[in-house]
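The structure appears below as structure tokens.
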Amino acid sequence: MIAAGHWRLPSPRRSSDSFPPRLRPTTQTGTQPQQTWATAQGPPAPPKIVSASRKKQRVVQDGILSLGTDSAHEHRGKTWTSKNTTTSSATPVTPAQQYTEFRRIQNATRSLGSRVERRYVPTELINNPPGPEDVSLELLMASQTHMGHSTSLWNPANSRYIYGVRQGVHIISLETTAAHLRRAARVVEDVSYRGGLILFVGNRKGQMEIVTKAAELAGACHLFTKWTPGGITNRDVILRMQGMKVVNHLDEELDGFEKYSGLARPLLPDLVVCLNPLENYTLLYECGLKSIPTIGVIDTNADPSWVTYTIPANDDSLRAMAVVAGVLGRAGEAGQKRRLQDATKGNVAWSNPEDLDRHVMKETKAAIEERKAVMGRLQHNIEGFTEDEQKLLRTQFYGEEEVTEDDMMGILGEAAVGVSEGVSEDAAIKTTASTSSSEPATVDKLASIEEELSGLKEKAVAIEADIKSSSEKPE
């Protein structure tokens with residue numbers, strides 16, 4: 001217990017204190033009790049706001065001031081020419097001597113180590129893709145075709161294609177990939193040799209140039225956008241506006257089939273090559289309904305039963321897809337080249353579609369019937385043809401040609417002189433017929449008729465001269 005205690009308020013606390021002032025008991029001796037009160041503290045001043053441009057200006061000024069000092073940037077002689085010790089030499093050497101030693105070691109060891117002949121150029125696989133004979137395990141390994149998906153995403157049906165597991169990722173067997181790729185290349189080459197229609201499909205990002213180049217090499221079609229459902233099963237409606245052309249055994253377009261192109265059904269592909277089956281399940285399903293064989297790149301998370309010919313590989317690598325599509329494109333190019341070489345020798349490895357044969361037979365019969373009708377009208381002198389049509393028909397069916405002006409002058413000269421000499425008017429007209437016959441009697445006869453005509457022309461010229469001289473005499 002404190003005797004004679006007095007209470008007073010403490011002095012105002014600093015603004016840095018976080019608790020408010022409070023009353024505290026104090027003891028004083030020999031003084032009068034006093035009571036003091038704390039004054040109210042004002043709100044703290046707001047922080048001074050400095051703009052970003054002002055801060056940058058201060059930083060620049062500080063840098064300028066620091067650059068003005070010579071202590072940090074003072075040049076203390078030519079240190080780059082001073083000698084220093086190296087690991088290869090115990091005595092100090094100059095930089096020039098170090099560079100000379102480096103060049104000597106470089107020249108001595110230049111031929112050592114492995115030599116890399118082929119370097120990877122991203123555009124080289126597209127512009128100059130490898131062929132089936134260039135497929136090797138080294139190429140497939142460098143193209144990352146062996147990288148599968150995580151073991152948690154695998155499809156058990158792909159167990160026969162998997163080599164092993166590394167760090168939770170399935171590794172595809174490169175030997176299996178090479179064998180299946182060569183088999184698919186043989187299929188593409190045979191289909192192209194027999195004139196089949198091949199469709200390359202790859203609609204992932206970055207696969208447009210790959211499928212376009214492969215289709216260009218194989219002379220096939222390509223698709224790098226989303227597949228339209230029903231393009232095969234309902235092609236009469238979806239593809240009714242697509243063009244079509246008829247070619248011969250040398251792939252040259254034939255004329256006269258415009259009617260067939262407008263009435264024929266859209267074509268179906270004979271083989272479909274799909275680089276990403278997961279996104280084209282509808283296309284593969286429609287191919288299965290129409291019994292169209294398919295080739296697909298199957299990763300460890302895909303179902304190999306979706307396609308006819310599988311190629312186990314990494315479908316997420318553009319480099320791997322460029323190798324696969326390039327090999328198949330080269331195979332199609334080889335098949336097409338072999339087909340054209342055999343066609344020039346008269347060996348045709350394909351046959352016309354049934355609907356095209358029916359159209360050709362129908363058009364042939366219609367042409368024969370029309371020709372017979374025209375011949376019948378000519379033989380029975382049926383009216384209805386114009387003068388130009390009659391002239392055209394005579395030229396086409398009888399080989400007759402129009403009488404020239406010289407022949408007409410010869411006929412007029414013969415009529416004026418009155419010389420018949422066994423050459424009638426009909427014979428003079430017939431001399432203008434075609435002389436394509438190879439019989440000697442016909443050639444001799446035509447030669448004699450030409451001589452007679454030349455004589456008639458001379459006589460006609462003489463008669464005209466006499467007529468002119470007689471008309472010029474005075475009456």
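The values are calculated or read from the model by the stated rules, or taken from the named source; none is laboratory data. These figures come from a predicted structure and were not determined experimentally. FYI the Cβ positions are ideal-geometry reconstructions off the backbone, even for glycines, and counts take in every protein chain you see.
Taken together, the criteria place V324 among residues that are β-branched (V, I, T), part of a helix (DSSP H, G or I) and under 20 Å from the mean Cα position of the chain (by Cα).
Residue-wise test of (1) at pLDDT below 95; (2) under 21 Å from I162 (Cβ atoms); (3) outside any helix (DSSP H, G or I); (4) in contact with a Gly (Cβ under 8 Å, 6 or more places away or on another chain).
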| position | (1), (2), (3), (4) |
| --- | --- |
| S261 | yes, no, no, yes |
| L267 | yes, no, yes, no |
| V272 | no, no, yes, no |
| C287 | no, no, no, no |
| S291 | no, no, yes, no |
| S305 | no, yes, no, no |
| A331 | no, no, no, yes |
| A334 | no, no, no, yes |
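Considering region 165-185, the residues that are farther than 19 Å from L139 by Cα and out of contact with any Ser or Thr (no Cβ under 9 Å at 6 or more places or on another chain) include one that is surrounded by the fewest Cβ atoms within 10 Å (Cβ to Cβ), namely Q167. For region 302-320, indicate whether the set of residues that are touching a Cys at 6+ places or on another chain (Cβ under 7 Å), more than 19 Å from V191 (Cα to Cα) and assigned by TED's automatic domain parsing to the domain that holds P156 is non-empty. So far as region 302-320 goes, no, none of its residues is touching a Cys at 6+ places or on another chain (Cβ under 7 Å), more than 19 Å from V191 (Cα to Cα) and assigned by TED's automatic domain parsing to the domain that holds P156. Checking each residue in region 274-285 for being part of a loop (DSSP other than H, G, I, E, B), touching a Phe, Trp or Tyr at 6+ places or on another chain (Cβ under 9 Å) and within 24 Å of A179 (Cα to Cα) picks out only L275. N280 fails exactly one of the following numbered conditions: (1) within 26 Å of D355 (Cβ to Cβ); (2) in contact (Cβ under 8 Å) with a residue 40 or more places away in the chain. What is the number of that condition? That leaves (1) as the condition not met. Taking region 118-173 as the range and being farther than 30 Å from T212 by Cα and aromatic (F, W, Y) as the test, the residues that pass are W154, Y163. When each of E138, E189 is tested for being among the acidic types (D, E) and either touching a strand residue (DSSP E or B) at 6+ places or on another chain (Cβ under 9 Å) or in contact (Cβ under 8 Å) with a residue 12 or more places away in the chain (or both), the lone residue that passes is E189. The residue that is nearest to P130 (Cα to Cα), among those in region 177-231 that are within 18 Å of the chain's Cα centre (by Cα) and among the charged types (D, E, K, R), is K213.
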